[in-house]
Each structure stands twice: as structure tokens, then as C-alpha cells.
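Student: My structure is below; once you've seen it, I'll send some questions.
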């Protein structure tokens, strides 16, 4: 949103431009002379971490507000899961078999985007390959927009080509990225994945379990996968979670099942107490 307010003071854009054309002298070449807000070396100092955290929270928030994004549908899932047409390139047979969930993620995103007005229930993914790509691709199939929350990783990468460019963000801080995943979430859908997917899933489940987040529809795609990877009942039997905690999510295998769960979930109230405590 452009700020059209008039004021008598010089604005930051004008001063930044003017500062680029000052006379070349030992004084103006000194790092100390750079404008603080356009000095990358200064902004990357360790002491400026609180400012960088604030900026990473603020920039996407302002842009999403400018585009009228009111609520989202979150898709988490593995970056290594290939689309069915490329499953022969998968590193393992299990990954090749999991390619069906690429298609389910794509179908789910398409169907949800067809029901969206462009402001509510907008698809958001991590912006990478695999299930994330399928999520953004499905939204594009429906002629809609979608959000990608990418993050800088040691290996070279780029956002998948299906993210809406003006809604594609890059993060340094995992924690701030996670906040943006959940701040507008109307539903959370988790597909098979690895450490990153499970990290995102368990953090979101913990927020719901502890009453720090509303009990939004929480869907796990691929019952066979998740019940093989995690012994949910053993956690409840051990008492480290309660039986009621197993009701915080539902298993599904298809896009249609997931939409039915979301539609019939009921009121997304916030827990007032933690069962079993």
C-alpha cells in the first residue's frame, strides 16, 4: 500500500538516492558515513539481530495486508517427494510410492483455491519443491494466487515456479517463518515428510495442545505413513500426552476427505486447559 501522505521532511528514498551521488572523498568513502538504514554491513551486525527479527516479521505482514490476505490454508510436506511423472527419479522406492501425495496436494490446493475469494483460505507452502511445489501448483491450476515462505539454506535453491511472485518471501529466521505460517491459518494440512515437516507439525500441534492457538482443522495425509513413523497410541499409553490430544488431528488419504474434514470440523475454539495435567 503506497503511503500518499504529504509531510515537510525529506523522505528516506530521496535521501538514499542523494547519498549515492555525494562527492568522492575519504570521508564519504568511510563505512561510518553510510546511512544506517541502507548500510548492509551495519544491519548484519550481531547487535542488530532484534531489528532483523522485527523486519522479518514486519515485511511479509505488511505485504500480505496490502494484498488483502485474511486467512490461509497451510500445507506442510516433504521436499523430496516427486510428482508422479518423475517418480522414477526418486532416491528410494518409498519416496516413489509417496508421489501419490504430490498429486493429492495439488488436487487439494486446486479445490480449495476454487472455493476461495482470493482473500480467505489462500494456500501457503514453504515455497520449495516436492509437496510444497504441488501446493502452489494446484492453486495456479485454479487460476488463483498462493503464498511461498522460502528460507535461505546452505545449498543453492530457488522458490518453485508456481508461487505467486508478489507473495513469495525469503527468510533467515526459521522462528519468524513459522509464525507467518500460523498467524493466518484456518487449517493445517501435513503430508509425508522428514525432519522439517515433523518440526512444523509438532510445533503447530503443541500450540494447539497448550491452548496457545485455536483448534483449527488439523489434517494428516497418509495414515499408513504417519502410523508407521510415529506410534501415537504409545505416547497416550505412556501418559506423555492425553487420549484427548489424539483428537486434535485427523488422518485422511485424499483431497476430498481432507475438504470434508475441514468443512465438518466445527468451531475452532481455543483450549482452556490441558487434559491430563
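Student: Can you work out the base-10 log of I(q)/I(0) for segment 213-255 at q = 0.19, 0.25, 0.28, 0.29 1/Å, using the Debye formula on its C-alpha atoms alone?
Tutor: Log10 I(q)/I(0), no solvent term: -0.64, -0.96, -1.06, -1.08.
Student: Give me the orientation-averaged projected area of the Cα convex hull of segment 139-254, in nm², one decimal.
Tutor: Numbers: hull surface 34.9 nm².
Computing the convex hull of the Cα atoms and averaging its projections yields 8.7 nm².
Student: Based on the Cα atoms of segment 73-136, what semi-axes does the equivalent ellipsoid have, where each is the square root of 5 times one gyration tensor eigenvalue, given in whole Å with the largest first?
Tutor: Working: eigenvalues 117, 22, 10 Å².
Equivalent ellipsoid of segment 73-136: 24, 11, 7 Å, largest first.
Student: Could I ask something else about it? Over the Cα atoms of segment 96-171, each weighted equally, I'd like the Debye log10 I(q)/I(0) at q = 0.21, 0.25 Å⁻¹, rounded to two decimals.
Tutor: Cα-only, vacuum Debye calculation for segment 96-171: -0.82, -1.06.
Student: Taking each pair of distinct Cα atoms in segment 1-153 once, what is the resulting Kirkwood hydrodynamic radius in Å? Walk me through the numbers on the way to the answer.
Tutor: On the way: mean 1/r = 0.0523 Å⁻¹.
About 19.1 Å for segment 1-153.
Student: Find the all-direction average of the projected area of the Cα convex hull for the chain, expressing the result in square nanometres with one decimal place. Display every interim value, and only then the final one.
Tutor: Numbers: hull surface 78.3 nm².
Convex hull of Cα atoms, orientation-averaged projection: 19.6 nm².
Student: Continuing with this model, one more query. Hey, how many Å between the Cα centroid of segment 187-201 and the Cα centroid of segment 214-273?
Tutor: Each part's Cα centre sits 13 Å from the other's.
Student: Then there is this: Could you list 107, 97, 263 in order of exposure, starting from the residue whose Cβ has the fewest other Cβ atoms within 10 Å?
Tutor: Numbers: 107 18, 97 15, 263 9.
Going from least to most buried by this count: 263, 97, 107.
Student: Given a Förster radius of 25 Å and the C-beta distance between residue 12 and residue 46 as r, what FRET efficiency does 1/(1 + (r/R0)^6) yield to the nearest 0.05? Don't skip to the end; give the middle numbers.
Tutor: On the way: r = 24 Å, r/R0 = 0.98.
So the FRET efficiency works out to roughly 0.55.
Any read-out appearing in this document is the output of simple, stated calculations on the displayed coordinates, not a laboratory observation. In this text the structure is predicted, and so the values were computed from the model without any measurement. Note that we place each Cβ from the backbone using ideal geometry, even for glycine, and neighbour counts take in every protein chain shown.
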